[in-house]
Amino acid sequence: MAEQYVTELYKKLKSRDSKTSGLLDILDVLIQVQKNLSTVKNPEALVNRCVQYIRSVAIKDKLYFPPAEENIIINLEVIGQKAGWNGSYMADFSDKSQFYKLSESIPHH
């Protein structure tokens, strides 16, 4: 279910006419989450970190999510809540690199 939400959110955000650097960063992270969701040991924690990252960037860049996008993010939050406290312990929510492996290059916008 999380994969469907991530894909749906990615498509909605990608279709926006105006893309700020924050929105492009969110799109990058959604691609990474989508790519790794089926292979990570704790997918709920990954989803939780993704949602926290989206919220953090949205506040910083003053991004607005229309109701359809906001509902998808809320659904992802519900999935991420299953991670418990370990999903966000000591995490830097604004750091995009947490979604990349050391061998992967991180796109910068």
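State all residues of region 41-57 that are charged (D, E, K, R) and in a helix (DSSP H, G or I); if no residue qualifies, say none. Before the answer, list the steps.
Residues of region 41-57 charged (D, E, K, R): 41, 44, 49, 55.
Result: GLU44, ARG49, ARG55.
Hey, can you tell me all the residues within region 1-25 that are surrounded by 13 or more Cβ atoms within 10 Å (Cβ to Cβ) and closer than 16 Å to ASN71 by Cβ?
Hits for region 1-25 are ALA2, TYR5, VAL6, THR7, GLU8, LEU9, TYR10, LYS12, LEU13.
Give the residues of region 22-45 that are within 22 Å of HIS108 (Cβ to Cβ) and in contact (Cβ under 8 Å) with a residue 24 or more places away in the chain, sorted by residue number.
Narrowing region 22-45 to residues within 22 Å of HIS108 (Cβ to Cβ): 22-36.
Residues satisfying the conditions are GLY22, LEU23, LEU24, ASP25, ILE26, ASP28, VAL29, LEU30, GLN32, VAL33, GLN34, ASN36.
I'd like to check something: does region 75-87 contain any residue that is surrounded by 13 or more Cβ atoms within 10 Å (Cβ to Cβ), over 13 Å from the mean Cα position of the chain (by Cα), at pLDDT 90 or above and assigned to a loop (DSSP other than H, G, I, E, B)?
Taking every residue of region 75-87 in turn, none turns out to be surrounded by 13 or more Cβ atoms within 10 Å (Cβ to Cβ), over 13 Å from the mean Cα position of the chain (by Cα), at pLDDT 90 or above and assigned to a loop (DSSP other than H, G, I, E, B).
Which ones in region 38-62 are out of contact with any Phe, Trp or Tyr (no Cβ under 9 Å at 6 or more places or on another chain), surrounded by fewer than 17 Cβ atoms within 10 Å (Cβ to Cβ) and not acidic (Asp, Glu)?
SER38, THR39, VAL40, LYS41, ASN42, ILE59, LYS60, LYS62
Give all pairs with beta carbons closer than 8 Å in which a residue from region 1-21 that is among the small types (Gly, Ala, Ser) meets a residue that is outside any helix (DSSP H, G or I) and exposed (fewer than 13 other Cβ atoms within 10 Å of the Cβ); count only pairs at least 6 apart in sequence or on separate chains.
Cβ pairs passing all conditions: SER21/HIS109.
Of everything in region 47-77, what is within 24 Å of HIS108 (Cα to Cα) and free of Cβ contacts under 8 Å to residues at least 24 places away in the same chain? Give them in sequence order.
Of everything in region 47-77, those that are within 24 Å of HIS108 (Cα to Cα) and free of Cβ contacts under 8 Å to residues at least 24 places away in the same chain turn out to be ILE59, LYS62, TYR64, PHE65.
The values are calculated or read from the model by the stated rules, or taken from the named source; none is laboratory data. Fair warning: this is a prediction, and the values are worked out from it, not measured in the lab. A quick note on method: Cβ atoms are made from the backbone with ideal geometry, for glycine too, and the neighbour counts reach across all protein chains shown.
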